[in-house]
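The values are calculated or read from the model by the stated rules, or taken from the named source; none is laboratory data. Keep in mind it's a predicted model, so treat the numbers as computed, not measured. In this analysis, Cβ positions are derived from the backbone assuming ideal geometry, glycine residues included, and neighbour counts consider all displayed protein chains. With ligands, DNA and RNA removed, areas are computed over all heavy atoms of the protein, side chains included. Shrake-Rupley method; radii C 1.70, N 1.55, O 1.52, S 1.80 Å.
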Protein chains: 4
Amino acid sequence: MHVQIFTAGGTIDKVYFDARSEYEVGEPQVTEILRAAGVAFTYAVEALMQKDSLDLTDADRAFIAERVARAEADRVILTHGTDTMVETAKAVAEALGPAPSKTVVLVGSLTPARFKATDAEFNVGFAAAAVQTLPPGVYVTMNGCVFRPEAVRKNRERNRFEAVGDPTRP
Amino acid sequence: MHVQIFTAGGTIDKVYFDARSEYEVGEPQVTEILRAAGVAFTYAVEALMQKDSLDLTDADRAFIAERVARAEADRVILTHGTDTMVETAKAVAEALGPAPSKTVVLVGSLTPARFKATDAEFNVGFAAAAVQTLPPGVYVTMNGCVFRPEAVRKNRERNRFEAVGDPTRP
Amino acid sequence: MHVQIFTAGGTIDKVYFDARSEYEVGEPQVTEILRAAGVAFTYAVEALMQKDSLDLTDADRAFIAERVARAEADRVILTHGTDTMVETAKAVAEALGPAPSKTVVLVGSLTPARFKATDAEFNVGFAAAAVQTLPPGVYVTMNGCVFRPEAVRKNRERNRFEAVGDPTRP
Amino acid sequence: MHVQIFTAGGTIDKVYFDARSEYEVGEPQVTEILRAAGVAFTYAVEALMQKDSLDLTDADRAFIAERVARAEADRVILTHGTDTMVETAKAVAEALGPAPSKTVVLVGSLTPARFKATDAEFNVGFAAAAVQTLPPGVYVTMNGCVFRPEAVRKNRERNRFEAVGDPTRP
């Protein structure tokens, strides 16, 4: 099993620069998480961008979607900021078309991976299983659940992802 | 989605008692890991035993297998020591019979969950996705991979799980 | 031995709020650090303010200095942001006058205490020893060293504290 | 300021070997702790032995005491297991004689440094300040306090160090 991993920044990769008393997106943390976990599957990691997901433009999203669509691997994990993860998931789903040939899982974390208390390791583990076991399609995996892009939202007040009602019903 | 979690001890739950300069199996760590991850699925945790898996007897294994088989939930995670995880997986598979009605995932960690550097959070995340996405059957999820009980072994020298050759071939 | 601890915010207490993708000063971390270390001396913790030290005003500094000067304890630790720690140390020294009757140690961290890799625990441990062993006076304890307020600066480029030359010489 | 650091094993350096389901003394953790803390003083680390302190013999203790006594540096930290730290401190004090020319601080941790929750970083920070600020002599620094070898014991039931009554009084 081979997994292509793309990273797009977001909270999971945030580091703190005391020199500027600021908090910025740093190097992809997924590589370190997979290394520490001793995973036996093969993978490649490519950083597509290092942005807070609120700063992603439509052009960024189109670029990400195209790169995912064109990837040779049929298992793709995309680490991404949580605020616009659902929008990017929809863009990727559209780029893959109605009969996708690959499984794409978007994942991130609500707390930076560098924190002592973080959901990053758990979430990456969850995504690693989801990408290997789910049928072709695009999924958002957050808070220990698998969501379809069209049926999930980030509840910012509660700071968690939750299913939204069936969009085909009134 | 509801998940029943049973715990059987093992490295994942090991703590250190300085008073005795010893290392013993403590409280189930999976509860804390799921809480920290903010999972949105519901679950119940029940500790079946707190043993190093090398100390599990055939009677222990039979007891565990029966409890898994009799569980009402059709999604079960069993945290377990790594040294005899495969044996217990086989015992559970036998107890479930040829047409299992539930998905059972065995998971543990090679380093105690209380260590700074540990595979515990990643592994529990992996198991949480696997138990929700895999069809009925019994699985071992370690090192970021899904294994069938009859096709996996722990390589003690390399300290990792690996697939074994197809047992039906010579 | 009794130690009065005042907190004034700064990097050591910074937390991350994903809901706003922002990084703010949170609850004093020194309490948790001392609790986890199992210290046998008695102490009280009082939060004077929760600010990034770049945002401290002269009035804030005067308030902090007065509270330290008026404290009943003769051993005081003040956790503080690193960017203006030296200025506050000088203000405290001035408030204590030329013959101080108490030992005051200012300490903070270059990385938030909530990070996996942080200097916070080490620094608080260092300050806890310094406040118990040093003679009356005001000290800055960072990077494993004891500095006098008039002979230290934060080198922002190198992100560390360093001694400055004798200010009485040309 | 230059500090010579000797290590003698003990809980602070304990690692876990899953392959044997055992817990053994590993590489000195003090080096990593000092590096992570970004200390500005210079230091050298030399491992004298890697043992559980319950396994230290009188010959081991004599060897350690002699190495400390013969060290060129006048500031020495000795990391050591907690169970017999006091005995070794007394042996070092005897080797230094009634008018010691150097400051020697013994420190360890009640929980291994590799644990998420550990007193190791705090304790090493405490020792680093103590060795720089205390007058010549031999000290045990545990639980955030400075003890004299003849006036401290490890209370094994409470798993902490505590002062013992003045041995010169009835």
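Observations, loosely collected:
- Qualifying residue in the stretch D:87-105 (condition: open to solvent by 40 Å² or more (accessible area, probe 1.4 Å), under 24 Å from C:Gly144 (Cβ atoms), at pLDDT 95 or above and touching a Phe, Trp or Tyr at 6+ places or on another chain (Cβ under 7 Å)): no
- Within the stretch C:123-136, the set of residues being without any contact (Cβ under 8 Å) to a residue 40 or more places away in the chain and more than 13 Å from the chain's Cα centre (by Cα) comprises C:Ala129, C:Thr133, C:Leu134, C:Pro135.
- Of everything listed in (1) within 10 Å of another protein chain (Cβ to nearest Cβ); (2) modelled with pLDDT of 95 or more; (3) touching a His at 6+ places or on another chain (Cβ under 8 Å), the single unmet condition for C:Ala40 is (3).
- C:Glu27 meets the stated requirement of being among the acidic types (Asp, Glu) and free of Cβ contacts under 8 Å to residues at least 40 places away in the same chain.
- Number of residues in the stretch A:84-118 that are in a loop (DSSP other than H, G, I, E, B) and under 26 Å from C:Ile12 (Cα atoms) equals 10.
- Flag for D:Ala113 being open to solvent by 60 Å² or more (accessible area, probe 1.4 Å), closer than 22 Å to C:Ala127 by Cβ and at pLDDT below 95: no
- Residues in the stretch A:51-68 that are assigned to a helix (DSSP H, G or I) and buried (at least 19 other Cβ atoms within 10 Å of the Cβ): A:Ser53, A:Asp60, A:Arg61, A:Ile64, A:Ala65, A:Val68.
- Number of residues in the stretch C:1-31 that are more than 7 Å from every other protein chain (Cβ to nearest Cβ), at pLDDT below 95, surrounded by fewer than 23 Cβ atoms within 10 Å (Cβ to Cβ) and part of a helix (DSSP H, G or I) equals 1.
- Residue in the stretch A:70-80 that is surrounded by 21 or more Cβ atoms within 10 Å (Cβ to Cβ), within 30 Å of B:Val124 (Cβ to Cβ) and touching a His at 6+ places or on another chain (Cβ under 8 Å) present: yes
- The residue pairs whose first member lies in the stretch D:67-83 and is farther than 12 Å from D:Ile12 by Cα and without any contact (Cβ under 8 Å) to a residue 60 or more places away in the chain, whose second member is open to solvent by 40 Å² or more (accessible area, probe 1.4 Å) and not hydroxyl-bearing (Ser, Thr, Tyr), and whose beta carbons are closer than 8 Å, counting only pairs six or more residues apart or on different chains, are D:Ala69/D:Ala95.
- In the set (1) without any contact (Cβ under 8 Å) to a residue 12 or more places away in the chain; (2) on the phi < 0 side of the Ramachandran plot, the condition left unmet by C:Leu34 is number (1).
- The set of residues from the stretch C:113-137 being more than 7 Å from chain D (Cβ to nearest Cβ) and among the hydroxyl-bearing types (Ser, Thr, Tyr) comprises just one member, C:Thr118.
- Cβ-Cβ under 6 Å pairs, at least 6 apart or on other chains, the stretch D:147-159 side more than 9 Å from every other protein chain (Cβ to nearest Cβ) and among the basic types (Lys, Arg), far side open to solvent by less than 100 Å² (accessible area, probe 1.4 Å) and outside any helix (DSSP H, G or I): D:Arg153/D:Val164; D:Lys154/D:Thr82; D:Lys154/D:Phe161
- Tally, over the stretch C:119-168, of residues that are part of a helix (DSSP H, G or I) and either open to solvent by less than 20 Å² (accessible area, probe 1.4 Å) or at pLDDT below 95 (or both): 12
- Within the stretch C:52-110, being within 14 Å of another protein chain (Cβ to nearest Cβ) and among the β-branched types (Val, Ile, Thr) holds for C:Ile77, C:Thr79, C:Thr82, C:Thr84, C:Thr103, C:Val105, C:Val107.
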